[in-house]
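Take a look at the structure set out below.
We did not get these values from a lab; they are worked out from the coordinates using the rules stated. None of the values given here were measured: they were computed from a predicted structure. Every residue, glycine among them, receives a Cβ derived from its backbone with ideal geometry; neighbour counts consider all protein chains shown.
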Amino acid sequence: MVINLKSHNKEIKSGLYLVSTPIGNMGDITFRAVETLKKSNYILCEDTRVSKNLLVKYEIKSKLISNHKFNEKKNLTKVIELIKNGAVISLISDAGTPSISDPGAILVRECVKENIKIIPLPGASSVSSAVSISGFSPKFFFYGFFPEKTKNLKDDLKILSELESSIVFFISPKKINKIIKHLKSYFFGRKILICREMSKYYEEYIRKEINDLELFDNQLKGELTIVISENKTDKKNSHLLSESDKRNINKMINKLSIKEITDLMSQNNKISKKEIYNYCLKLKNEK
């Protein structure tokens, strides 16, 4: 069967088109996306070298304009002027849906201000793909990339740990080992799904209890999408550590591991494992 990619409506009106591109497998692109890119006067992209591979595969000859976080503000006036003069402009990212943890939000806001037509073309998304296979709550909060400063990271993780929903993060493989201790501290007792190289040949899905998460010996490859399960702590039955509990933990802290203390202390009382773990961690850090 031959499928004709051409639409009955051959005209695409001037405006900004946010076109989702594959997150790995080149086959994960819609017919409409290919058609729109072919009919665009210009395509804004993060890295022209990456986007050229897609354009060559689908025989798209539209002109590429580099548009990344270092030059998107500089491009703004030029792009707005082109659209106002009748151009069809498409915005793509290296992978997935543009303007979500990728360049594009600045341009979108300016188009809204200038009353310029903005059209989204849905497609591949690592966020929804990861949540769909997680087995966690479908009610989720998307966070994006972690901040660089440890204080900002801890402040955000504290707030996120109190949400009663799944949480989705992006992180580079170079930083995963640095973040593990913070995940164990703020999300103790929950589950985690680490998605690597999604839709590619070496795709991998790592499912763990956060309590059991260890540092990776080898550096993982490819940007990681992480999903953390919802918070199921029963707040009504969760008690605070008493002074007696703290004294007992202090006696054990040099003899047992944090995990052993946490399991032991949580067996016969209603204190959350997370609270016990955090107190143990605090004692360890003070020594």
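What fraction of the DSSP beta bridges in the stretch 15-124 is antiparallel, stated in percent and rounded to the nearest 5? Provide the component values of the computation, followed by the final result.
Values: 1 of 16 bridges.
If we restrict to bridges inside the stretch 15-124, about 5 percent are antiparallel.
What does the highest-first list of 208-217, 53-62, 195-204 look like by mean Cβ count within 10 Å?
Values: 208-217: 12.5, 53-62: 14.1, 195-204: 15.9.
Result, highest mean first: 195-204, 53-62, 208-217.
Please work out the FRET efficiency for the pair residue 217 and residue 179, using the Cβ-Cβ distance as r and a Förster radius of 22 Å; give the result to the nearest 0.05.
Working: r = 16 Å, r/R0 = 0.74.
Given R0 = 22 Å and the Cβ-Cβ separation, E is 0.85.
How large is ³J(HN,Hα), in whole Hz, for each residue of the stretch 178-191 in order, when computed from phi with the Karplus curve 6.51 cos²θ - 1.76 cosθ + 1.60 and θ = phi - 60°, using x for Gly and Pro?
3J(HN,Hα) across the stretch 178-191, in whole Hz: 6, 8, 4, 5, 6, 4, 5, 6, 8, 10, 4, x, 10, 9.
Give the percent of DSSP beta bridges with both residues in the chain that are antiparallel, rounded to the nearest 5. Intermediate values should be presented prior to the final figure.
Working: 17 of 38 bridges.
That works out to approximately 45 percent antiparallel.
Pop the C-beta distance of residue 259 and residue 163 into the FRET formula with R0 = 25 Å and round what comes out to the nearest 0.05. Don't skip to the answer; put the middle values down first.
Numbers: r = 25 Å, r/R0 = 0.98.
According to the calculation, E is roughly 0.55.
Report the residue, chosen from 105, 95, 124, that carries the largest GNM mean-square fluctuation when the chain is represented by alpha-carbon nodes joined by springs under 10 Å.
105
Given labels modelled 7 Å from the Cα in the Cβ direction, how far is it in nm from residue 41 to residue 208?
5.1 nm
Provide the net charge surrounding residue 22, with neighbours chosen by a C-beta distance below 12 Å and charges set as Lys +1, Arg +1, Asp -1, Glu -1.
Working: positive: 57, 200; negative: 28, 94.
That works out to 0.
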